[in-house]
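Visitor: Pasting a structure below so you can have a look.
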Amino acid sequence: MKKFNIRKVLDGLTAVSSSSSSSATAQPGTPKENDVVQETLQSEHFQLCKTVRHGFPYQPSSMAFDPVQKILAVGTQTGALRLFGRAGVECYCQHESGAAVIQLQFLINEGALVSALADDSIHLWNLRQKIPAILHSLKFSRERITYCHLPFQSKWLYIGTERGNIHIVNVESFTLSGYVIMWNKAIELSTKTHPGPVVHISDNPMDEGKLLIGFECGVVVLWDLKSKKADYRYNYDEAIHSVAWHHEGKQFVCSHSDGTLTTWNVRAPAKPAQIITPHGKQPKDGKKPEPCKPILKVEYKTTRAGDPFMVLSGGLSYDTVGRRACLTVMHGKSTAVLEMDYPIVDFLTLCETPYPNDFQEPYAVVVLLEKDLVVIDLGQIGYPIFENPYPLTVHESPVTCCEYFADCPAELIPALYSVGSRQKRQGYSKKEWPISGGNWGQGAQSYPEIIITGHADGSIKFWDASALMLQVLYKLKTAKVFERARGKEEKGGTDIVEEDPFAIQTLSWCPESRMLCVAGVSAHIIIYRFSKQEVNTDVVQLLEVRMQCEFSDVDSPDPGGEQTPTLPTSGASSSPQESEPPTQPSTGSNSSDGPRDNIPCLQVRSSTLKQSPGYQVELVIQLVWVSGEPPQQITSLAINSSYGLVVFGNSNGLAVVDYLQKTLLFNMGTSELYSPSEPYQRQPHSPRKARQPSGDIPVASCMSRISFLYTESVKKLRSSHFTLCDSNDGSNTSEDRCKSPTSGSTSPCNSDDERKQKFIEKVKFKSRRFSKTVANDFARMSRKISSSSEQKPDLDAKDNSFSRSRSSSVTSIDRESREAISSFHFCESFPRKADGLMNPSLLVGTTQGSVMMVALSLPPTGDQRLQQPVGISSCGTLVRLKGGILTMALLDAAGTLLPPSYEQWYDPNASDEEKEKNRRRRPASPPSSQEGQDSQYAVLCSEKQAKVVAMPSQTRVYKHNITETSFVLRADVVLMAGANCIACFCANGHIMTLSLPSLRPLLDVNYLPLTDMRIARTFCFSNLGQALYLTSPTEIQRITYSQETCDNLQEMLSELFTPVETPEAPNRGFFKGLFGGGAQSLDREDLFGETAAGKASRSLAQHIPGPGSMEGMKGAASGVVGDLARARIALDERGQKLGELEERTAAMMASAESFSKHAHDMMLKYKDKKWYQL
């Protein structure tokens, strides 16, 4: 439970009071009391909880299957449990200890599961409730658990240990039996060595009183449970890995460490009946075959109609170096070797019957790999695999960025599904998916949701995330646009990333127009249109852009082709081309004796590009090398379908491209966006000069330094995946390269402070994952800077008092930490303070906290839009905030969100008549603002604070300091319960929401401290209280901050357990019943119960009652229904007690009457008798 912190409450009250006081004394544009927006959102609308987890279980370690319920369970090395049923039926739960799950055992058709963990504890899970919970736990203290076995329809669990002993647990009460099989009694007395841990336990399919025990050393013992002694012992020289019975109980097979399989007859322990080496080379002279790799597991399954199946993993020859893991299926005389993409963790053979003493009739094999789940059809020739209905391919290529869109247009999902269905592979099994248990939830959440993931190989996946499910809709491969270099010699040294040059850095998507804009790590941008028709593109439209931030040595080549004139800029130029440039462009220079110049990092393909229905390339934009310096990676991106514009920015500045006319409109350094009179203006400087040692850093400049540190080391996390890799120190200017998503990002911030230097070195070189230590370093640095800056004048005072020391040390740092563009927002607003009419505008946010306005002048729609240039002009700074700008939005006077204008989707390859019929033009500008009145609110959120500014007066009306000791990683303006709010995720793990426009704190929950860069890179909010992040490299965790969704979560979740009748036991037959040849049953209760076996040692294991049953009652007793249920239960209990009291009273009255009658009879009998007559 979260502790109540009065200090935080007081801080919140102080922030609110300061906001109200500042707004009361603000400029004339501040709303009066009767003009204040009525806000409907309250704290009661918010509650944070996890909903579902999608994707492949990270680091799987074990697996189990219920053949009656048709449910699959997977355990992981981090103590997680993932349960799968039919498509859409998934469940996630977690062991508190986090220890690895070493084995799972279903109580078949009972709705329960036993898990054994590496910390020597076993747990009983109740699967009959929608959120499974632990009913009982048992923690062993003196022995290590190595193997568990639970016979079908038995309540006694066998537990083998590292010492070679076997203990027995009653799964109903989770108590130990006094019956123990000691290792020294199981093996021969003459044996002088310990047999090793127990690696196998199973009972004879035909005789439950016979237990087969396998020890690691190679000894197998058939133990008689009744007589408490060993019947037979089977010895082999090689270590045992697994054992499997024939269903008749007369034979069993062992797999060994030398790649052999030994078959033993139960009554012939002297030697194996057969020894085979499935993958060993058989010598001609009759000698033993060459040893092979260990066979880790074998399963022996019989069929009525044909030969038995023997399925095994491992056992390959040692000379198969580099060969992938294989599963071998031996059926009769045929042996099939099935190669897997990843190492095999475990496999299970699915059979028609749960009874071990009947013909098994195997029909499929479930293979759990390190990064995949494969199900093989044993009933078809060639053993094809089943088409997997689960969303387990999230990690097919590492995720580098993620976006979440809730409440999308209804026609989007069918459109994406229709084009994505053509991408499906062929050759799958024609049978139904065999894991088909459970039922879907009955949730009322019906709005469409889409998740978009960008990957390291340049692919983009669209997922249908509606109704707490996840299904891939469509996959787009952006790398198809470029030529693939076959070797390092063909790259020409122009690439800026060593690996994954096509990785997705960020993306911008307009659901209404279906326009998609993607930025990659090689400083490339691709604009896509959605079409239902296939086209062949002979020439991919290419636009090369030269971005630099420097006044001197300007190289402005003459634009090639027909191009609309661009605004003259002193710091940049463009080289747009209508066709693919030659490998060595005439404007470029890549000779060995000169710096690279005007060369893009990737080469657009020159051959015809076949574009299938779906997303098709409209334009490719590439940043080029400038005087030997590589282009800087894209830090922000936005597209607007109504204006036909794309804007992108990096640490050099921003550029605006007209993708309709295929021209560059605007290319300007960040410093040039400031007006000359502004105090925020920064002097332009060369992008990458030789690094120089820096001196002392004044405290006033530290905030900008930590802001840049975040920008380079955290915000670019969207381009890194899995873990950070070692990077070069980059001291050589000519070889200084941007880092790829798989190799992390450097943090060019120098200081003589030892702690800061250690931290920077850790981020640059050492750190392979964003650990808690790094997060704490961030927090400590932020706290130190925050406390130091309190001694200085308020950075935000009067919104224009920013000042910076211009010492040589700061100038040195400025070379390293240029102000980068961090966010964009297209809008219809008032670009200038004196404007009375709304115009198309662009809000630009920077990493130093500046928000600037750019005015757009669009020509009329139609043919003029394609011929006349778009006018663009910078209008200076709107406001300044602490920390880098994360998100921006506009509200109208009533507090309603004003989304960017858009154009409805139309098929670009359809006929002109259909285009005009479906195409809707950009709406006219809203009515103008009356003089002296504000008609809009600009909502601005940075890493540290949020502000609301009235437009067009540009006066601040509300302000809220979000955090002082940490920084915000992600912020979004979202729709929630019919109103808008700001949702924030901080590096210290807090998730917060603020009302709009007053910025009242509505929610503040310490949910998830930033312990991994992956979380920071992928966390995103969406409308209607939804959010998600990558909790592991392979899994997406979805959460909600909506009270309504939390209340309805039980109904929305799927059910794992469904009532199913257990199949009938196999018929023993007349003769077997007559002569006793069938299965022999055993009364285990008489054998293992306390009466016969006594009590177990208390010090051996500790019983821990679980919260499962209590949690189920809590879930059922929430809300008004729960109150009524509690009242009804109380009444029932009271009535029951009253009934019992009445019965007791009646019994006492009857007893009294009987006693009175007997007393009266005695009196009459002895009334007239004397004492001596008695």
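Visitor: Given the residues 956, 970, which is the only one that is open to solvent by 10 Å² or more (accessible area, probe 1.4 Å), farther than 20 Å from residue 1006 by Cα and assigned to a strand (DSSP E or B)?
Guide: Going through 956, 970 in turn, just one is open to solvent by 10 Å² or more (accessible area, probe 1.4 Å), farther than 20 Å from residue 1006 by Cα and assigned to a strand (DSSP E or B): 956.
Visitor: Quick one: which of 417, 363 is in contact (Cβ under 8 Å) with a residue 40 or more places away in the chain and more than 30 Å from residue 502 (Cβ to Cβ)? Steps first, please.
Guide: Numbers: 417 fails: more than 30 Å from residue 502 (Cβ to Cβ).
Answer to the selection: 363.
Visitor: Sort out for me the strands (runs of 3 or more DSSP E) sitting completely within segment 83-125 that have 1 or more residues that are open to solvent by 20 Å² or more (accessible area, probe 1.4 Å).
Guide: Hits in segment 83-125: 90-94, 101-107.
Visitor: Here is a further query. So is residue 305 under 19 Å from residue 151 (Cβ atoms) and of a type in the set (Gly, Ala, Ser) or not?
Guide: So residue 305 does not fit the description; no.
Visitor: If the requirement is being assigned to a loop (DSSP other than H, G, I, E, B) and exposed (fewer than 15 other Cβ atoms within 10 Å of the Cβ), which of these qualifies: 869, 860?
Guide: Details: 869 fails: exposed (fewer than 15 other Cβ atoms within 10 Å of the Cβ).
None of the others qualify; the one that does is 860.
Per-residue answers, yes or no, for (1) touching a residue at least 40 places away in the same chain (Cβ under 8 Å); (2) out of contact with any strand residue (DSSP E or B) (no Cβ under 8 Å at 6 or more places or on another chain); (3) within 26 Å of residue 612 (Cα to Cα):
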site: 435; (1), (2), (3): yes, no, no
site: 438; (1), (2), (3): yes, no, no
site: 446; (1), (2), (3): no, yes, no
site: 460; (1), (2), (3): yes, no, yes
site: 474; (1), (2), (3): yes, no, yes
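Visitor: Taking segment 251-264 only, how many residues are open to solvent by 20 Å² or more (accessible area, probe 1.4 Å) and touching a Phe, Trp or Tyr at 6+ places or on another chain (Cβ under 9 Å)?
Guide: Summing the residues that are open to solvent by 20 Å² or more (accessible area, probe 1.4 Å) and touching a Phe, Trp or Tyr at 6+ places or on another chain (Cβ under 9 Å) in segment 251-264 gives 1.
Visitor: Any residue in segment 210-226 that is in contact with a Phe, Trp or Tyr (Cβ under 9 Å, 6 or more places away or on another chain), under 22 Å from residue 1088 (Cβ atoms) and acidic (Asp, Glu)?
Guide: no
Visitor: Right, next: Scanning segment 70-82 for residues that are open to solvent by 10 Å² or more (accessible area, probe 1.4 Å) and polar (S, T, N, Q), which turns out farthest from residue 466 (Cα to Cα)?
Guide: Residues of segment 70-82 that are open to solvent by 10 Å² or more (accessible area, probe 1.4 Å), as a first pass: 70, 77-78.
Now restrict to residues that are polar (S, T, N, Q): 77-78.
Details: 77: 30, 78: 28 Å.
Result: 77.
Visitor: Quick check on segment 614-634: of everything there that is modelled with pLDDT under 95 and touching a helix residue (DSSP H, G or I) at 6+ places or on another chain (Cβ under 9 Å), which residue is nearest to residue 530 (Cα to Cα)?
Guide: Among them, the one singled out is 633.
Visitor: For residues that are open to solvent by 10 Å² or more (accessible area, probe 1.4 Å) and more than 24 Å from residue 1082 (Cβ to Cβ), tally how many sit in segment 222-241.
Guide: Within segment 222-241, residues that are open to solvent by 10 Å² or more (accessible area, probe 1.4 Å) and more than 24 Å from residue 1082 (Cβ to Cβ) number 6.
Visitor: Anything in segment 1005-1031 that is assigned to a strand (DSSP E or B), touching a helix residue (DSSP H, G or I) at 6+ places or on another chain (Cβ under 8 Å) and open to solvent by 10 Å² or more (accessible area, probe 1.4 Å)? List them, or say none.
Guide: Selection gives 1031 alone.
Visitor: Could you identify the single residue in 390, 404, 363 that is open to solvent by 20 Å² or more (accessible area, probe 1.4 Å), at negative phi and of a type in the set (Ser, Thr, Tyr)?
Guide: 363
Visitor: Out of all the residues in segment 616-635, which are open to solvent by 10 Å² or more (accessible area, probe 1.4 Å) and assigned to a strand (DSSP E or B)?
Guide: Of everything in segment 616-635, those that are open to solvent by 10 Å² or more (accessible area, probe 1.4 Å) and assigned to a strand (DSSP E or B) turn out to be 616, 617, 618, 626, 629.
Visitor: Also, I was wondering about something else. Among the residues of segment 233-256, is any within 45 Å of the chain's Cα centre (by Cα), modelled with pLDDT of 90 or more and among the polar types (S, T, N, Q)?
Guide: In the first step, residues of segment 233-256 are kept if they are within 45 Å of the chain's Cα centre (by Cα); the result is 238-247, 252-256.
Filter once more, keeping what is modelled with pLDDT of 90 or more: 238-247, 252-256.
Within this subset, residues satisfying the condition of being among the polar types (S, T, N, Q) are 242, 255.
Yes, segment 233-256 contains a residue that is within 45 Å of the chain's Cα centre (by Cα), modelled with pLDDT of 90 or more and among the polar types (S, T, N, Q).
Visitor: For the structure I just gave you, tell me whether residue 479 is open to solvent by less than 20 Å² (accessible area, probe 1.4 Å) and free of Cβ contacts under 8 Å to residues at least 24 places away in the same chain.
Guide: On the way: open to solvent by less than 20 Å² (accessible area, probe 1.4 Å): yes; free of Cβ contacts under 8 Å to residues at least 24 places away in the same chain: yes.
It is true that residue 479 is open to solvent by less than 20 Å² (accessible area, probe 1.4 Å) and free of Cβ contacts under 8 Å to residues at least 24 places away in the same chain.
Visitor: Right, something else. For residue 329, state whether it is at pLDDT 95 or above and either aromatic (Phe, Trp, Tyr) or within 19 Å of residue 235 (Cα to Cα) (or both).
Guide: Details: at pLDDT 95 or above: yes; either aromatic (Phe, Trp, Tyr) or within 19 Å of residue 235 (Cα to Cα) (or both): no.
No.
Visitor: If a residue has to be under 29 Å from residue 54 (Cβ atoms) and open to solvent by 50 Å² or more (accessible area, probe 1.4 Å) to count, how many in segment 366-387 make the cut? Walk me through how you get there before you give the answer.
Guide: From segment 366-387, those under 29 Å from residue 54 (Cβ atoms) are 366-378, 383-387; that's our starting set.
Next, from what is left, pick out any that are open to solvent by 50 Å² or more (accessible area, probe 1.4 Å): 370-371, 385, 387.
Total meeting the criteria: 4.
Visitor: Name the residues in segment 872-901 that are over 17 Å from residue 850 (Cα atoms) and assigned to a loop (DSSP other than H, G, I, E, B), would you?
Guide: Within segment 872-901, 893, 894, 895, 896, 898, 899, 900, 901 qualify.
Visitor: Does segment 639-653 hold any residues that are open to solvent by 10 Å² or more (accessible area, probe 1.4 Å) and assigned to a strand (DSSP E or B), and which are they?
Guide: Of everything in segment 639-653, just one residue is open to solvent by 10 Å² or more (accessible area, probe 1.4 Å) and assigned to a strand (DSSP E or B), namely 639.
Visitor: Moving on to the next point. If the requirement is being assigned to a strand (DSSP E or B) and over 21 Å from residue 437 (Cβ atoms), which of these qualifies: 78, 146?
Guide: Numbers: 78 fails: assigned to a strand (DSSP E or B).
So the residue among 78, 146 that is assigned to a strand (DSSP E or B) and over 21 Å from residue 437 (Cβ atoms) is 146.
Visitor: What do you reckon, is residue 219 open to solvent by less than 30 Å² (accessible area, probe 1.4 Å), aliphatic (A, V, I, L, M) and touching a residue at least 40 places away in the same chain (Cβ under 8 Å)? Before you say what the answer is, go through the steps one by one.
Guide: Details: open to solvent by less than 30 Å² (accessible area, probe 1.4 Å): yes; aliphatic (A, V, I, L, M): yes; touching a residue at least 40 places away in the same chain (Cβ under 8 Å): no.
So residue 219 does not fit the description; no.
Visitor: To continue, here is another question. Looking only at residues that are in contact with a Leu (Cβ under 9 Å, 6 or more places away or on another chain), of a type in the set (Phe, Trp, Tyr) and open to solvent by 10 Å² or more (accessible area, probe 1.4 Å) in segment 416-473, which one is nearest to residue 72 (Cα to Cα)?
Guide: Residue satisfying both the conditions and the ranking: 417.
Visitor: Just one of 436, 334 is among the polar types (S, T, N, Q) and in contact with a Lys or Arg (Cβ under 9 Å, 6 or more places away or on another chain); which is it? Give the steps one after another, and end with the answer.
Guide: Numbers: 334 fails: in contact with a Lys or Arg (Cβ under 9 Å, 6 or more places away or on another chain).
Result of the check over 436, 334: 436.
Visitor: Name the residues in segment 168-206 that are outside any loop (DSSP other than H, G, I, E, B), open to solvent by 20 Å² or more (accessible area, probe 1.4 Å) and touching a residue at least 40 places away in the same chain (Cβ under 8 Å), would you? Walk me through how you get there before you give the answer.
Guide: Residues of segment 168-206 outside any loop (DSSP other than H, G, I, E, B): 168-170, 175-181, 183-186, 198-204.
Checking which are open to solvent by 20 Å² or more (accessible area, probe 1.4 Å) leaves us with 175-176, 178, 180, 183-185, 199, 203.
175, 176, 178, 180, 185, 199, 203, listed by residue number.
The values are calculated or read from the model by the stated rules, or taken from the named source; none is laboratory data. Note that the coordinates shown come from a computational prediction; the quantities given were computed from them, not determined experimentally. Because the Cβ atoms are built from the backbone with ideal geometry, glycine has one as well, and the counts that use them run over all protein chains shown. Surface areas here come from the heavy atoms of the whole protein model, side chains and all, with no ligands, DNA or RNA. Shrake-Rupley method; radii C 1.70, N 1.55, O 1.52, S 1.80 Å.
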